[in-house]
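Asks: Below you'll find the structure I mean.
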Amino acid sequence: MSGVRVMVVDDHPMWREGVARDLVEAGHEVVASCGEGRQAIRVVAAARPDVVVLDLQLPDISGVEVINGLRTAHPPVRVLMLSASGEQQGVLDAVKAGATGYLLKSAGLAEFLEAVRRTAAGDPVFTPGLAGLVLGEYRRLAAGGDHAAAGTQDAAPRLTDRETEVLRLVAKGMSYRQIAERLGLSHRTVQNHVQNTLGKLQLHNRVELTRYAIERGLDD
């Protein structure tokens with residue numbers, strides 16, 4: 001993948017500038033840098049980032065409000081949370097709002113740059129330990145009987161055998177590259193199957209797709 005277009009949103013100038021510098025040195029393009037959530041929402045459509053690196057705690061509005069605003073203003077954007085807090089509710093709220101990944105600020109530089117690359121590719125990325133938290137929450141919701149999902153399950157669009165096979169592997173937390181190697185397909189073909197499945201199911205990202213698969217027992 002060529003350089004990723006990134007917007008950095010953090011209210012600490014030194015941290016924000018350091019992250020931007022690391023991204024540029026790694027070959028990415030920093031298209032905007034903001035210290036407040038409302039400012040980020042205002043500029044995201046013009047900046048057209050592939051990924052927004054977003055702090056959960058901002059001085060004006062909550063991280064969840066920022067995620068919702070960013071995705072409304074620029075639907076293709078993917079959001080990578082970069083936060084000092086690994087507090088459970090904050091992680092779950094961010095993911096439910098549409099964040100693709102969640103990384104703690106204690107992560108090393110290589111881990112951060114890999115997270116940006118994977119987020120741009122559409123892979124869910126979480127600090128070790130948080131992936132289990134998110135999947136555990138989705139299993140809890142599924143076990144509790146999500147009535148809205150249950151009510152629409154019978155009317156769900158029909159997926160091809162290959163799309164269902166890819167969906168199973170997505171639910172197991174595998175990356176596009178891992179799925180491609182498992183099934184003997186190209187990376188692009190796997191991406192196309194996932195995008196087709198998202199369109200058929202009217203879902204927005206791989207996190208929502210993973211929840212859908214878990215609710216239907218496809219992660220076993």
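Asks: Using modelled amide H (1.01 Å from N, peptide plane; none on Pro or chain starts), what sits under 5 Å from the amide H of Arg5, excluding residues fewer than 5 places away?
Replies: Result for Arg5 returns Glu29, Asp50, Val51.
Asks: Would you pull out the residues with amide H under 5 Å of Cys34's amide H, same chain only if 5 or more places away, H placed 1.01 Å from N?
Replies: Residues meeting the criterion, in which the H sits 1.01 Å from N, are Val8, Val9, Asp10.
Asks: Sticking with this structure for a sec: Quick one: 3J(HN,Hα) in Hz for segment 66-76, Karplus 6.51/-1.76/1.60 with θ = phi - 60°, rounded, Gly and Pro as x.
Replies: With the stated coefficients, segment 66-76 comes to 5, 4, 4, x, 4, 6, 6, 6, 9, x, x Hz.
Asks: Long-range amide H contacts for Val79: which residues qualify at under 5 Å (H placed 1.01 Å from N, peptide plane, sequence gap of 5 or more or a different chain)?
Replies: For Val79, the qualifying residues are Val52, Thr100, Gly101.
Asks: Could I ask something else about it? Taking all protein chains together and a probe of 1.4 Å, list Lys105, Lys172 from the most accessible to the least accessible.
Replies: Working: Lys105 45, Lys172 100 Å².
Solvent-accessible surface, decreasing: Lys172, Lys105.
The values are calculated or read from the model by the stated rules, or taken from the named source; none is laboratory data. The structure presented is a predicted model; accordingly, all values stated were derived computationally and were not measured. Ligands, DNA and RNA are stripped out before the accessible areas are found, and what is left, the full protein with its side chains, is counted by its heavy atoms. Shrake-Rupley method; radii C 1.70, N 1.55, O 1.52, S 1.80 Å.
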